Every structure is written in C-alpha cells, then in structure tokens.
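Taking it in order: structure first as structure tokens, then the write-up.
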Amino acid sequence: MRLSQMFGKTLRSEPAEAESVSHRLMLKAGMVYQVSAGVYSYMPLAWRVLRNIEQIIREEMDAAGGQEVRMPVLQPLELWEASGRSAAFGDTLFKLKDRRQRPLCLAPTHEEVITQMAKQHIHSYKDLPRLPYQIQTKLRDEARPRAGLMRVREFDMKDLYSMDLDQAGLDVSYDKMVQAYKNIYKRCGLPALAVEADSGAIGGKDSHEFILIAESGEDRVVRCQGCGFAANLERASGVKPPLEKEDPLPLEEVSTPGIHTIKGLADYLDVPEAKTLKAVFYSADGQVVFVTLRGDLEVNEVKLKNLLRAADLRLATDEEVKAAGLVAGSASPIGITDLKRVADDSIELGSNFVVGANKPDTHFKNANYPRDFRIDVMADIAEVKEGQGCPQCGKPLSIARGIEVGHVFKLGTFFSEVFGAYYLDAQGKQQPIVMGCYGIGVGRLMAAAMEQNHDDKGIIWPVPIAPYQVHICALSMDKPDVQSAADQLYSTLQGEGLEVLYDDRDESPGVKFNDADLLGMPVRLTVSPRNLKSGSVEFTERVTMETRMVPLDGVVAEVKSILANSN
RNA sequence: CGGGGUGUGGCGCAGCCUGGUAGCGCGCGUCGUUCGGGACGACGAGGCCCCGGGUUCGAAUCCCGGCACCCCGACCA
C-alpha cells in the first residue's frame, strides 16, 4: 500500500476525546472513526489488524475441531423470553419491532439459536461432540461504552459452542478451548492470564476469564505470587485475618453520639475496625436484606447476588431503610427478626464485637454470635483485600486491574433443556446435550494488543497481527534514484509475498519517521540518498528501535529472517 | 441510572463573565525555497458557533428546554 493513496491519515495533535492508550493511538493513527457512543467504523489499517486477529482465531478454532457457522443478528424476541434471558439481559438487549409489530431483538450473543440448531441436527450420541463457532457482529446496549474499543455496543466476537455427551466430554472440550485460547493470545502478543471467574446467573460450574494485566482494565484480579492462584475479584476468596478469641463478656450499651461510620466508631471507642461489625442494607429483587460483616471488610456484591440468587441487587435506598425500621449508622442484627439476615463468615473470626444497638447514637460492646443474635444465611460474601492469605497456599494475595480478553464457561444443560436439545444415548435413553461456550472479542483483542505493545511514540504491532509487516520510509522522494530504488524495493518485497506499507509521500523526514513510529509496523526500511550511496537501506526494528545498514540485495533475506524469528 | 465535564472550520483550542460583522495553532490548496526526527515564506480555501424556543434593534455570548459526546460510579456471560 502506498501511503500517499491510503484512505485515512494520522493526526498531529492529540485527540482530546481519548483517555485510554489504545483509544488515543487508534484515533491518532487514523484507524477508527467513531459514529456514536460505542459504535465505530474501521479504517483500512484497523480492519487489516482485525482480519489478522480473526484469522488467527479461526485457525486455532479449526485446529481444535471447530466448525465455522453463521447466525442471524436479527432474532425473534420470543426466543429470548423462552430462555429467560430477555429479563436477564434487561436493557442491554436491543429490542425492536418489525412492520407487523412483532417483537425482535438484535442478538447480544447466540446460545439460543445455536441450541435450536443443535435440536434440529443432533439426535444421537453418534452426532456428538460438535464444536460450531461463529465470528460475527453482536450488539449490546451497554450502560456505558468506554475506552475506545474496550467496551462498545456493536462488536465482532468469536463464540464457540461445545456440544458434548456428558460432563466428561465437556471437560475435554473445555480444556481444548483453554489451550486454543492460550495459543491465540500468544500469537497476538498478549500475556493473558487464565483466572477463575464468576459464571453469572446461568453459568454452570467452571468458568475462566483470560485477563491481560493493565492499569486501564475494568476488571480486578486477585493473584497469589506463591502458588499461581488467580481469580477475578468478583469470585475470589481470601483468608480473612483472624482475631484473638476472647472469653465472651456481657453485652454492654454505650452512647456514641454523632457516630455513623465504622472508622468513627473504631476511633471513638479506641478499638480496631476489625473488632466491629458493620451492617449494610440491600434490595434484592425488591426485598430488603440485612447484611452484616466484620468492620474491616467490604461486601462483595457479586457473591451476595449469587448467594441470594437475586436477579437484581442494589443498595437499599434511604426510604427503604427507613421503611424497614432500620437505624442507619447504628444498625446491627441484634433484635432484627423480620428481615432476611445474611452474614459473612468473618463474624465468627473474633469475639466481643462492637455493633449497633438499633437506636440512634447508641452501640453495644461485646456482641457475640450466636449468643446475642441470629442470622439466616452465613457464607463468604466479603471482598478480598490486598495482603489477605491465598486460599490455596496462604501466601499474601495481590490485586491488579486487568482487561478481560476472553471468557469460557461450562454451561451444562441449561439451554439444551430449555429448547429440548436431546439425543439418544447408546442405551436408547434421552439425554440433554451438555454445552459450553467460549467467547473472545476481536476488537477488544486489538485494543488490548495496543495497550500491551506501545511506547511513547506509538504502536508496536506484534508481527502476526500487524497491518503490514514492512514500512518503507523513502526520504527525498523527488530524487529519482531514491524513488526508483524505493519503488523497486516495494515491488520486490511484495513479490516475495510480504505485506508492505510504502511511504511515498512528499513529506519531510521528521514527518515520515514520526508516522512510522506511530503506525508501528515491525520492520522499517529507510531509503535515502545517504543510504543509497553505500547501496544500502537502513533497517529498523520497531520493538527495539535498533537500526543497522543492510545492503539492498540482502534486504529480503534480512526482513524474512527477522519476521520469522518474531512470530 | 446517579455524579462531574465538554459541545466554536478536519484536529487542538481562544472568544462567552461585560451582547455589536468569528479568531489562533496545526492540518488542507497553490507557488517557491528546503529535505535524516513533526522545515520556511507568500497567497488562499474552509465555520447551520450542537439543536429548538425566548429576551433584545442586535445572541457564539444572556434565559428556558432538549440532544450528543467524554470521564467517575452503578451496570456488564
């Protein structure tokens, strides 16, 4: 591609719009055009990268036994009502009506349809396993699109759906996919980490996310340096620091005027925060729930939501709290009987706690469970804190932000049972197909690759996904010898099957170098009067920015060897 | 959905408070000089000032109402 002919150009000034690195680089490089919040057009450079990533994914899926299919974006809403996911997705599902007023939706993913396809085409144990997959556009009306391509409303995604005889078969498919994903990330230059993930309301037993550790990430990951344990904060557990067990003392009422926070309470009574119990009120599907846990810990809402099997969980409003007869700031489980009471197991890791007295400006000292109060459900519902012990080896845990670049689930038989996708086993008995699903966002992968591979000058494309492998910088294009040498080099490299971006513009060297740095092709070849005097071109690797002179007749071999080694 | 912010040539911004013919830098076009890290000069093109209403002799500017986009949070298979 001659740069002088390319649709799209780079910007000199920093786009004000963009915050995250990948978003800024994409805009500055002229790779994307934003049509609306979370909706983008891809210019040629971005599209080439996306196609490269797609191809890598396709190759790995095929190698793992996948078979590519295509499914509709436009789907009848009733399909989603049948699975219950119209409600589960809520406003995230784009809904519309056709001319006959029939309700339709734009598919955010495709389990419903693929399961129906399975019902139609899989009848016997001999028809299993099957691993159909799709790479296509999905639509989600995200509450808040953000960070360029990181979270968008229209995006290309690969989803593979595994269909197996039984749990053991699912385990095999799952492991295959995990391996395929690792291959994909490696080829895209992404050191992604497999972490245990929350499987959501419908998910089955196992679920893993692949996370790229990055400051700009939306997710938080808990990691153990000792044994390698890693999990999404949403589902991670840590060893909560125990307190010394004391003999229970008698409950004692104390006046705490104007004290409404755990910190204030701990300071006022001169006890550690861990020696208090806090109360938090939630509304779970409209019901107020009383939640208590040790004062030094916070509620993990995902764990709580899963525990309560709630579709909708949020903090209760002041009105709801008041209506339930609770005294915010001085609440405790003592004497609460008409609400569902949930406690974190940390309330057993200690004794003689300070708790609210359920009347204003008053607390109790020396509260002990179960002597002084009852609860309905006790479980681990606390958020892991940095430094807590690893649940597997006890070493301290650390927390980092990360970008979710893939998610795999063992779905089980939820969808096959909803849609009646059964097969007959060897005994002639009807069995539900056991399913899994495995998603990876193509655009997010590109953005993640940029977050991971850049410097202050621009993008550093990993070789396998780079839009072009070679960037020819021709300085002084008006000099006939430069032009003919560069033209020649361009066609020679192309003749060798290499993808080449040729900066043939009449621009100053500074402009060309800066654009080359920004656009980030792995290999740069600088053709200039100076270099040509010695019959050479200057060879620069974008990753290291190391340069060396290479004779014209040795360029092809040099380029090929560098690209081969970087793969 | 809560909180904050911004809408003025392609990009980055000033002007608004205190109403009076819309400005700067970059980019873009032509010509000339330049040519190894975002060159220089001359001339030039390009703007429904987000939209609608109101106030006023007169609105980018003041008032009211919308909309869009960005950021934080909520949300997120």
Q: Kindly write out, for the range A:53-61 in residue order, the coupling ³J(HN,Hα) from the Karplus curve 6.51 cos²θ - 1.76 cosθ + 1.60 (θ = phi - 60°), rounded to whole Hz, with x marking Gly and Pro.
A: 5, 4, 5, 4, 4, 4, 4, 6, 5
Q. Of the beta bridges DSSP finds with both residues in chain A, what % are antiparallel, to the nearest 5?
A. 80
Q. So what are the ³J(HN,Hα) numbers for the range A:404-409, from phi and the Karplus equation (6.51, -1.76, 1.60; θ = phi - 60°), rounded to whole Hz, Gly and Pro as x?
A. 7, 10, x, 8, 10, 10
Q) Between the range A:381-410 and the range A:355-372, what's the alpha-carbon centroid distance in Å? A) 33
Q) Which residues in the range A:267-294 have a backbone N closer than 19 Å to a point placed 7 Å from the Cα of A:V254 along the Cα-to-Cβ line? A) A:267-279, A:293-294
Q | Carbon plus sulfur fraction of accessible area for chain A, probe 1.4 Å, in percent | A | 49
Q | Solvent-accessible area per residue for the range A:1-138 (1.4 angstrom probe, square angstrom) | A | 52
Q) Nearest 20 debye, what's the magnitude of the dipole of the range A:252-379 about its Cα centre given +1 on Lys and Arg Cβ and -1 on Asp and Glu Cβ? A) 220
Q) Based on the Kirkwood radius over alpha-carbon pairs, what value in µm²/s does the Stokes-Einstein equation return for the translational diffusion coefficient of the range A:1-99 at 25 °C and 0.890 mPa s? A) 141
Q. Do any cysteines in chain A lack another Cys Cβ under 4.7 Å, and if so which?
A. A:C105, A:C188, A:C437, A:C473
Q: Taking each pair of different alpha-carbon atoms in the range A:296-363 once, compute 1/r for the pair, average those values, and report the inverse of that mean as the Kirkwood hydrodynamic radius in Å to one decimal.
A: 13.7
Q. So who's got an amide H within less than 5 Å of the one on A:I472, skipping anything under 5 residues away but keeping other chains? H placed 1.01 Å off N, in plane.
A. A:L501, A:Y502, A:D503, A:L525
Q) Counting each DSSP H run of 4 or more residues in chain A as -39500 (n - 2.57), what helix-only mean residue ellipticity at 222 nm follows after dividing by all residues, to the nearest 500 deg cm²/dmol? A) -8000 deg cm²/dmol
**Q.** Cleavage-rule hits (trypsin sites (Lys or Arg not before Pro)) in the range A:123-223: DSSP loop, at most 16 neighbouring Cβ within 10 angstrom
**A.** A:K205
Q. If you place +1 on the Cβ of every Lys and Arg and -1 on the Cβ of every Asp and Glu, how big does the dipole about the Cα centre of chain A come out, in debye to the nearest 20?
A. 940
Q: Quick one: which residues, 5+ away or cross-chain, put their amide H under 5 Å from the amide H of A:V32? H built at 1.01 Å from N.
A: A:M43
Q: With a point put 7 Å past each Cα toward its Cβ, work out how far A:A194 is from A:R102 in nm, to one decimal.
A: 4.3
Q.
Can you return the aspartates and glutamates within cross-link range of A:K240? Criterion is Cα-Cα under 17 Å, with same-chain partners fewer than 8 residues away left out.
A. A:E273, A:D296, A:E298, A:D344, A:D345, A:E348, A:D380, A:E383, A:E386
Q | Calculated over the range A:252-379: convex hull of Cα atoms, volume per residue (Å³) | A | 92
(Q) Longer than 18 Å from Cα to Cα, which of A:K263/A:K340; A:K303/A:K365; A:K322/A:K359; A:K126/A:K205; A:K205/A:K303 are they? Say none if no pair is. (A) A:K263/A:K340; A:K303/A:K365; A:K126/A:K205
Q. Between A:Y33 and A:R548, what FRET efficiency comes out of the Förster formula 1/(1 + (r/R0)^6) with R0 = 22 Å and r the beta carbon distance, rounded to 0.05?
A. 0.05
Q | Dimensionless Rg/Rh of the range A:50-122 - Kirkwood Rh, Rg from C-alpha atoms | A | 1.07
Q: State the extension gain, in nm to one decimal, for the chain segment bounded by A:D171 and A:D285, taking 0.36 nm per residue of separation less the distance between their alpha-carbons.
A: 37.6 nm
Q) What percent of all Cα-Cα pairs in chain A falls in each 20 Å bin, counting up from 0? A) 18, 40, 31, 11, 1
Q: Treat every Asp and Glu Cβ in the range A:373-459 as -1 and every Lys and Arg Cβ as +1, leave all other atoms uncharged, and give the resulting dipole magnitude about the Cα centre to the nearest 20 debye.
A: 140
Q: List the pair-distance distribution P(r) of the range A:514-565, using every Cα-Cα distance, as the percent of pairs falling in each 5 Å bin from 0 up to the bin containing the longest distance, rounded to whole percents.
A: 5, 21, 30, 24, 17, 4
Q.
Give the separation of the Cα centroids, the range A:163-187 to the range A:257-295, in Å.
A. 44
Q.
Test of understanding: what is the full-extension gain from A:S398 to A:D270, defined as 0.36 nm times their sequence separation minus their Cα-Cα distance?
A. 43.2 nm
Q. HN-Hα J couplings of the range A:11-19 from phi, Karplus 6.51/-1.76/1.60, θ = phi - 60°, integer Hz, Gly and Pro as x?
A. 9, 8, 8, 5, x, 6, 4, 8, 10
Q.
Amide H of A:L104 versus every other amide H placed in the peptide plane: which residues, excluding those fewer than 5 positions away on the same chain, fall under 5 Å?
A. A:L77, A:L96, A:K97, A:D98
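The values are calculated or read from the model by the stated rules, or taken from the named source; none is laboratory data. Predicted, not measured: the structure shown is a model, and the values here were computed from it. Virtual Cβ from ideal backbone geometry, glycine too; neighbours counted across all protein chains shown. When the accessible area is computed, the model is the full protein with side chains, heavy atoms only, and any ligands, DNA or RNA have been set aside. Shrake-Rupley method; radii C 1.70, N 1.55, O 1.52, S 1.80 Å.
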